[in-house]
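Since the structure comes first, as structure tokens, the remarks are kept for the end.
What follows is calculated from the coordinates using simple rules that are stated; it is not laboratory data. Since the model is a prediction, treat every value here as computed from it, not as a measurement. As a convention, Cβ positions derive from the backbone with ideal geometry for all residues, glycine included, and neighbour counts pool all protein chains shown.
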Ligand code: SF4
């Protein structure tokens, strides 16, 4: 097929362009110039990703031929460099972590054998782009760009607060843009070796970013992340060895074209790699540990984009896994993770940990959808990826901004934010609503999922039903904290500058994704499903859309109505058993005055964190092993 | 389309009348169970009309918005149901309504409301699985998520879903705010919670809460009816019987703790609900 | 038509009663007297109540509480002072800490005598207060509800 010039160029632009700002940022010291560079780089990346979505012919997959042998060689050199760099970094490991360099070395050897020891046919089209990739690219470009834009201000403040830390901001911004480039690589690569290369770069970026602050805790957590991702990398390398034979080139296409049986083992191995990257149980602990990194990193790598690489690949594998026992077990890993992580999120009061567990939980749902692999569930998976990326980025950046205003990441310290910092609170509220509430993101997907699961995987439907309860619980109580209004709360410093821009755009994006999701579905997801299965999917019937639109409309209109009340009702202080002592204080025994202090429920003795982690990890481990064994 | 519209109009007009009468009957029956005479049948209407005339106060200017939203989403939820729409959307709208109610209580920053709000979402966490499984069960047995398709299919859902039905009865006690699971807004005051979630509401917003509760009760009995929809008259009889059973249970039990509530509802969902679904899936399909 | 007469919700507060009157108030709820026949509900929450039924005298400790509870009740509302203590301080009126009857602190609409006050008398007092409640409601309506006689405490 003739490749339209423009889309192809945009793909290559997205792959290579971020490296420019990355290298420049590695050299620049001045704060002003850095801000400018970051802004320009982010804007150009976002614009290109949007342009790609616009010029991509609807519903088509573009195979991009890339005849230069130089590219292949560059990838090989790059892989060697990354491996050596990681091995060198391992000089700081502890004894318990001694297995990490072993795994990395094994990975390198396997790959060396795959590349040099065997005679693989050349890959004619190492890159491709289909509607789903274009959607992912748009997410990476826009959300990633906004997070990049937000970072300089945050990092400046971070270093003001932590003068003891070494200022490594040049490396930081280099990594941010390198990471963007690698993420585009992951979504566009068809050649498995290229995909592996980009995959490893994301691992590398994540490793370096988690260790950014240089504290002992950060270093250990970075190595934990590296170790678990290296396990995934090893599985990936094995998959390459198995997928590429002398007759078939090692491309992602194997999942669709190879004979069902032959594709299963490499697909299972790749899915395993996806599980590690997207922090599914039993590998979730690295993502929780990754929360020591500065907040923009958490937003960019560990919630909105990098972990999505894992589920992205798993979704791509769905055709090979659909209807197999391996796929069934994979779906169960996702379902278990969804439920367990939701329960764990209930017990946390640290905002970033709640976000981390909810990310794990959400990705679990996506994995479950991919494992089932019917058109409906893949549709739901794609929509989940979209909603989660936008809303989660917004929430992370919001938490970061709150942290710098309030001085705490604890949800208990966010009480009354709607009164003290209304803009910030509204950003958080929109994010939370986008995450779980009807008629928004999660809901649409949950709705599509439940329908499909009732037919295809009853066990998962049950897990989904059970997981949605705690999900509701932990989001609602957070929302409640934000909107409670202690008496005497006064507005104070709200968001400013680039932070404000990034948050505002993300608020609009989240709201837009919720309001206009049928467009996203029609533009990206439906054509992709059509291309994949050859049959259109009529999930969103007109009457259901109407109902959802009406619900959304009510949410928008009702606040307006309630502010049109003819007469402001009388203000009465809250009931404190008649003992109000002004404001939120009451008179207690012996005439002492106490302030009212309200804490949310964390049910820590009901959902015991350790017990849940242990049980769910064990279960997930069994399922994962079973998944590989049955492949 | 026409019947759907008729359903919505009927829901909007008749449901509060039916719900109010049921609430009145509830109070009389409760009184009789306690050896008293009890109020007139129309007492709930008197109460609501009186509240409408009171000059309510607020703790802050946001709180009434949440109550209006609660009311609106309960109405929307029932409208979807009685228009014959998607059961899952009915449940989601009802969930949204519940969230709004809890948020209203949170917004007041009052200790009693706060505990009420926390318990309200605990209750929601408790009943959500069983509610969703009930919808899934109806889909498995009746081949549709749509109320009108389920109602007109002629399939005796309750016979295929006895476990789901029992589980649903259990969470119905939570949803109807009846003992032993009336954790968040105890209808009998003078307890540790004062009035829990509605403590800080007065006047019209409190009236809205009462009326929304009538609507909600009718909607929930609509769910019960759906189990028996193969014979509509039997369905109405079953719904009424279930309601009066709940009143008796309400009077016979003291309140249990939230832990017992969550456990009971989840165990019911896992054993009665999930097992029943598996049996339906394996045997009937 | 207003429905205050048909749905009087009351808040019972024990100011500093000897508990004698309180027992009688509770007796009203029992099957023998069953005040719910008249739609009377014991709410336990000032924000839901129409009638503030107080037993016992006001003392320096609860003066503020009585005021607070009264202030939190939405209009229209009435106060019933039940028992000798609530009317005037009763046997406690010479105590060092007792201020006297409820009307020392908030306006009282109905006085119900008795020591202890009999349930029949309480019910009669409440029913008497309903006429006043209706009158206040009508007045409030006439004024358009703009006037707020009491400031919240
Ligand atoms: S009036 Fe008599 S019974 Fe009532 S509180 Fe006073 S002393 Fe006790």
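Full extension of the chain between residue A:23 and residue A:161 yields a length gain of 47.0 nm, computed as 0.36 nm times the residue separation minus the alpha carbon distance. Here A:199, B:11 are placed in order of increasing Cβ neighbour count within 10 Å, fewest first, which gives B:11, A:199. How big is the gap, in Å, between the Cα center of the stretch C:10-64 and the Cα center of the stretch A:291-356? Computed from Cα coordinates, the inter-centre distance equals 56 Å. In a fully extended conformation the segment linking residue A:216 and residue A:609 would gain 139.1 nm over its present Cα-Cα distance, using 0.36 nm per residue.
For the segment A:466-479, counting C-beta atoms of other chains within 10 Å of every residue's C-beta and taking the mean gives 6.
Computing FRET efficiency as 1/(1 + (r/R0)^6) for residue A:124 and residue A:84, where r is the C-beta to C-beta distance and R0 is 45 Å, gives about 0.90. Calculated [222 nm] ellipticity per residue, helices only, for chain C: -9500 deg cm²/dmol; basis is -39500 (n - 2.57) per DSSP H run with n ≥ 4, divided by all residues, nearest 500.
With the simple spin-label model, which puts each label point 7 Å out from Cα in the Cβ direction, the residue C:104 to residue A:73 separation comes to 10.3 nm. Packing around the peptides B:79-87, C:134-142, taken as the average count of other Cβ atoms within 10 Å per residue, puts them in this order, highest first: B:79-87, C:134-142. Based on DSSP H segments of at least four residues, each scored -39500 (n - 2.57), chain B has a per-residue ellipticity at 222 nm of -24000 deg cm²/dmol. With Cα atoms defining each centre, the stretch A:27-91 and the stretch B:1-66 are spaced 62 Å apart in the structure. If R0 equals 56 Å, the separation of the Cβ atoms of residue C:95 and residue A:413 corresponds to a calculated FRET efficiency of about 0.75.
On the beta carbon distance between residue C:37 and residue A:557, with R0 = 51 Å, the FRET formula returns roughly 0.75. Looking at chain C, the DSSP beta bridges with both ends there are about 10 percent antiparallel.
With each label modelled as a point 7 angstrom along the Cα→C-beta vector, the residue B:259-residue A:625 pair spans 3.3 nm.
Of interest is the spacing of the C-alpha centroids, which for the stretch A:455-489 and the stretch B:211-250 amounts to 27 Å. Binning at 20 angstrom from zero up to the longest distance, how are the C-alpha pair distances of the protein assembly as shown distributed in percent? Pair shares across the bins are 12, 40, 31, 14, 3, 0. Inter-chain neighbour count for B:38-45: the average number of beta-carbon atoms from partner chains within 10 Å of each residue's beta-carbon is 4. If you wrap the Cα atoms of the stretch C:9-142 in a convex hull and average its projected area over all directions, you get 7.3 nm².
With a simple spin-label model that places each label point 7 Å from the Cα along the Cα-to-Cβ direction, the separation between residue C:127 and residue B:237 comes to 4.2 nm. Here the residues C:63, A:200, ranked from fewest to most Cβ neighbours within 10 Å of their Cβ, fall in the order C:63, A:200. DSSP assigns beta bridges within the protein assembly as shown; of those with both partners inside it, close to 45 percent run antiparallel.
As a proxy for reagent exposure, ranking C:94, C:34, B:182 by other Cβ atoms within 10 Å from fewest up yields C:94, C:34, B:182.
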